[in-house]
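Contents: one structure, followed by commentary.
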Amino acid sequence: MAELVVLRSLWNNLGTGKSICKRCLQTKTCDLIAVRQFYVTSSLFGKRRPPAIEEDIEIPGLERITFADRKYRVPGLAEPTFPEWNRGWRDPFQDPGPKYEEMPLFKEKACYVFNQKTKLLEGVKQALWLTKSKLIEGLPKQILCLAEDPDSRIENEDDRVQRAISHARFWDTTEVRPRKEKYCPVLLSNLLHLCRMLSLRYPSLSKRILAENYKVAAYWTRESSLFQVRGINGLLLNSTSPLAPLATQEEVQATESHILETFYPVSPTIDLQEVHVYEEKNDTGFRQGYPYPHAHTLYILNPLETCARFEPYQLQAKMIMFAFGNLLARARLLYGEQPRVLETPLVMQTIATNGRMFQFVVFQLNTTDLSSSDGIKNLVWLDRDQELYAYAKCLPEIKRKIVVVPAGLSGYRPETFRKFLAMYLHGAVQPSIKTEASAS
Amino acid sequence: SGYGTSVGKISKMAAFCVRCVGNSKLSNYMQLKRVRIIHTEVLAQNPTALSPLYPPIVPSLTARSKAAKQRRRDEYYKKVYAAPSVQEKLRLLTCLQRLKYVVNTQTSAINADRWYQHFTKTAYLSGLPEHFTNSGMDQVAETGDIVTSKALSDPDFEELKSLFCTALLQENFYMRKRTPFLYRTIEHYFSPFLNNAVSALTTLLAAQNPLLKESSLDFKPQVNFYWMRGERVVPRGHRKGSVDPIRFQIDDHPHSQIRVPKQLPEFVPLDYKVPAEVPVIKLEPDRLPLFKRQYDNHIFIGTKVTDPCVYGHTQFHLISDRMHRGRLTKANLEDQIEVRLRANAISSLFAWTGAQAMYQGFWSHEDVTRPFVSQCVITDGKYYSFFCYQLNTLALCVETDCNNPRKNICWGTESMQLYDTVEENDVKGFNDDTLKLLVQFLLYRPKAL
């Protein structure tokens, strides 16, 4: 593992003047590049060669002659090493804190943690390997049927959705245009408000509640490495009843022959936070007795504009990992800690957006036996990069006196909202159009 | 003047005697303009037949005189009256930045509600309007043009109650949370609860109130209003002695609000004689204390003018921890609890209704022709206060307020508890009346619906 981490760090740091300190496997400013110090400030503010660390060489059997008793430096004599002074009491301002090795939860074996800021290098492939899943492109048939069902539509759907988008993108600020950090959550709340209006027609939709800022914890072993999913992930829609499994038993059994894609030489633990102080915890985020115990849909936002934003493949990986984490915690609660194949697979949905592009994921957890890469796999349906609209411009884009993109909302695609609505209605509403293969 | 001396009566129109018409100075002008040599009798029969010879004599635009200042002001008002769109009107009214008092909706000033009533010309009536007090829980009646509706049916009410309890328990018990940050306790435990509560109310009551189906629900919106009230004489500096209007700005951030496409009906007629008086405070606003700043003047209801939902329905406010009643009780300010809630309601609702009126093109010199009505609920999770506001006048500046008998009206209740305590996974002492009043608030709508 170590050499693979070195390889990647070297690749990333090519040309930046940084190198790997092979001893501690951390990047440091390379002292091989020539640094000219013409100005006072450059030398004052750290643009200097770091001083060479001279190590004290200990030869056993030989006594080091130091200038300790003379109390002044003498050229030729070694520098004395004094015993570390102990204050006798703990001064909080001078306390360096306990070392990792002294903490009660310290373990020799490393654990690789996936949190809300993790951006996996290999994206979906890595997430599938970690969660032992098989990918199916596109949404499952049941949800697609519901999306095409003309009965489960809001009145004046296109008009209202476009109004919701315009409110989020144009009207919600005193300035000319709102920033992405503002319009992304506003668009999601507007769309959810529209979806909630359908609970007049389908009363079972009111058996749901939204939860924000909840923390999930789940752990599992994959090929002798320990992994965890931890932390705040997004807005969760909880429901009183679980979602029915989407794939038939035959399809689940067929995943046994599927081989997980690896990405040698990159390690599957890349980009995960390596910790030695951890607790193996399984927690859905809610206590026993919660009236809405089944996680229905997780809404993840990607509102940042800067380098901290998620690329689509990283966002899709985050969706898969957190859906898996929520389901694993729930499965362990229901069926115990022992790894097993679940008789009734658990299903959960995730929707992620950056304010324009939507990603849809449906995760079906078939098994908690994740140590080996053989056996029944979990299923992931992924519908990626669905645009809700193409452009939302305050000023028209004009190239060579021709209007390329008009001002206002353009390129609206109603299919994306229908999929969003279908995923909201899934579990509470049956589509009136039934295809041959859809489950009843 | 030397003209027209031989004519019996000089009229303002161009009536020239025969002798003057021959005058060479007039001849060019007469070729260009429609000038007739007429007899005074004809003029007396038809005095308006003639257009003026000369343009009207008006004060200078640029002189340093009171007349010139008045003329500049009049030209400015003419521009505003003639503005082609509401956006242009708002831009003209808010483009000039000057020092203004920033009115905080959640303020720690003592007795701020009387001051805010003075700034906004609001009369406060305790209790709610007749619409809410007359409509009994089981009555169906039509009073004038307000329809009092039957309350929610029992199963629906029970469902709403259980949703409320579950949302409360989710935040206070079921969800595992870390300890809240300093002064963020209410926001930590009750902000998500209020999100869920407002969503549930809007959804469940949309069946009875079709206005809610077309409504727009904003979370953490921004509401701004800028107005002028009163005058002051500049005490020192190069402008010493000149008279300036006193400007105010409210920048409010409610927890959530419901905006609707149709206006809510009035609670009382526009010319209603309010039984309460607007308190008049002779001290300057600095004494409250209020502080002046200069920045962009905003008039904003939560969305721009192009949005179809430009009328307000209900706002929900979550008070900050600094205004929590426990802290005020400890500081011997128990009487200030209700005062601060009232101040919050008056300032927030005045800003919201005023901005709604300005979005319809009304301003201080074009006063509202119909009242603008909105409601708000101020809560800390456990205690709820209900307020209704009717904006009858925007004419608050000195020129327009001198003969203005109209007042804005704010109705309000004392704080009502929703529940007693939350113990483990149980909500104890749930008060149905508070929830019923909340339901009534959200069911308010125009008669046509």
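Bear in mind that the values in this text are calculations on the coordinates, not laboratory data. In this text, all values refer to a predicted model and were calculated from it rather than measured experimentally. Note that we place each Cβ from the backbone using ideal geometry, even for glycine, and neighbour counts take in every protein chain shown.
Quick rundown of the values:
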item	result
Over 15 Å [Cα-Cα, the range B:275-383], rounded percent	75
Only Lys, Arg (+1) and Asp, Glu (-1) charged, at Cβ; the range A:225-298 dipole about Cα centre in debye	400
Exceeding the 29 Å Cα-Cα cut-off - candidates B:LYS79/B:LYS273; B:LYS66/B:LYS89; A:LYS117/A:LYS182	B:LYS79/B:LYS273
Rounded, prolate or oblate (a/c below 1.5 giving rounded, otherwise prolate when a/b exceeds b/c) for the range A:134-219 by Cα gyration tensor	oblate
Cα gyration tensor of the range A:287-394 - equivalent ellipsoid semi-axes, whole Å, descending	31, 16, 12
Sum of -39500 (n - 2.57) over DSSP H runs of 4+, divided by residues of chain A (222 nm, nearest 500)	-7000 deg cm²/dmol
The range A:209-289: translational diffusion in µm²/s, Stokes-Einstein, Kirkwood Rh over Cα pairs, 20 °C, 1.002 mPa s	131
Value in Å of the Kirkwood radius, where the range A:169-268 supplies the Cα pairs that are averaged	18.7
Cβ-Cβ FRET estimate between B:HIS238 and A:ALA254, R0 fixed at 51 Å, reported to 0.05	0.05
Inter-label distance for A:GLU58 and B:LEU92, nm, one decimal - labels placed 7 Å from Cα along Cα-to-Cβ	8.7
Dipole of the protein assembly as shown, positive direction: furthest Cα of B:CYS309, A:ILE65, B:ASN297, with charges on the beta-carbon	B:ASN297
Distance between modelled label sites at A:HIS276 and A:ASP95, nm, 7 Å Cα→Cβ extension	2.2
Farthest positive-ward along the range A:136-224 dipole, Cα basis, beta-carbon charges - from A:ALA217, A:GLY138, A:LEU187	A:ALA217
Listed residue pairs exceeding 26 Å between alpha carbons, taken from A:LYS215/B:LYS330; B:LYS304/B:LYS436; B:LYS382/B:LYS436	A:LYS215/B:LYS330; B:LYS304/B:LYS436
Estimated FRET transfer efficiency when R0 is 45 angstrom, pair A:ARG87-A:ASP374 (beta carbons, to 0.05)	0.20
Distance (nanometres) between label positions extended 7 Å along Cα→Cβ at A:ALA68 and A:ILE232	5.3
Residues of the range A:260-300 with amide N under 17 Å of a point placed 7 Å along Cα→Cβ from B:GLU424	A:287-291
Global form of the range A:95-252, assessed from the alpha-carbon gyration tensor, a/c cut-off 1.5	oblate
Rounded to the nearest 20 debye, dipole of the protein assembly as shown from Cβ charges on Lys, Arg, Asp, Glu	5220
Compactness index (Cα Rg / 2.2 N^0.38 Å), chain B	1.29
Hull volume in cubic angstrom per residue (convex hull over the Cα atoms of chain A)	266
Dipole in debye (nearest 20) - the range A:321-440, about Cα centre, beta carbon charges: Lys, Arg +1; Asp, Glu -1	680
11 Å cut-off, amide nitrogen to a point 7 angstrom out along B:THR185 Cα→Cβ, residues in the range B:316-331	B:321-322, B:324-328
12 Å Cα-Cα reach of A:LYS119 towards aspartates and glutamates, excluding residues that sit fewer than 8 places from it in its own chain	A:ASP271, A:GLU311
Pairs from B:LYS213/B:LYS447; B:LYS161/B:LYS262; A:LYS419/B:LYS177; A:LYS281/A:LYS318; B:LYS69/B:LYS121 whose Cα-Cα separation, in the structure shown, is over 24 Å	B:LYS161/B:LYS262; A:LYS419/B:LYS177; B:LYS69/B:LYS121
Whole-angstrom Cα spans of the protein assembly as shown along principal axes, big to small	136, 85, 70
For the range B:298-449, Kirkwood radius (reciprocal of mean inverse C-alpha pair distance, Å)	17.4
Mean ellipticity per residue at 222 nm, deg cm²/dmol - from DSSP H runs of n ≥ 4 across chain B, formula -39500 (n - 2.57)	-9500 deg cm²/dmol
When the convex hull of its Cα atoms is projected in every direction, mean area for the range A:357-418 (nm²)	7.1
Net +/- balance of residues flanking A:ALA352 in space, Cβ distance below 15 Å, scoring K and R +1, D and E -1	+4
Dimensionless Rg over Rh [the range B:164-318; C-alpha; Kirkwood]	1.08
The range A:272-315: C-alpha gyration tensor shape, a/c 1.5 cut-off, then a/b vs b/c	oblate
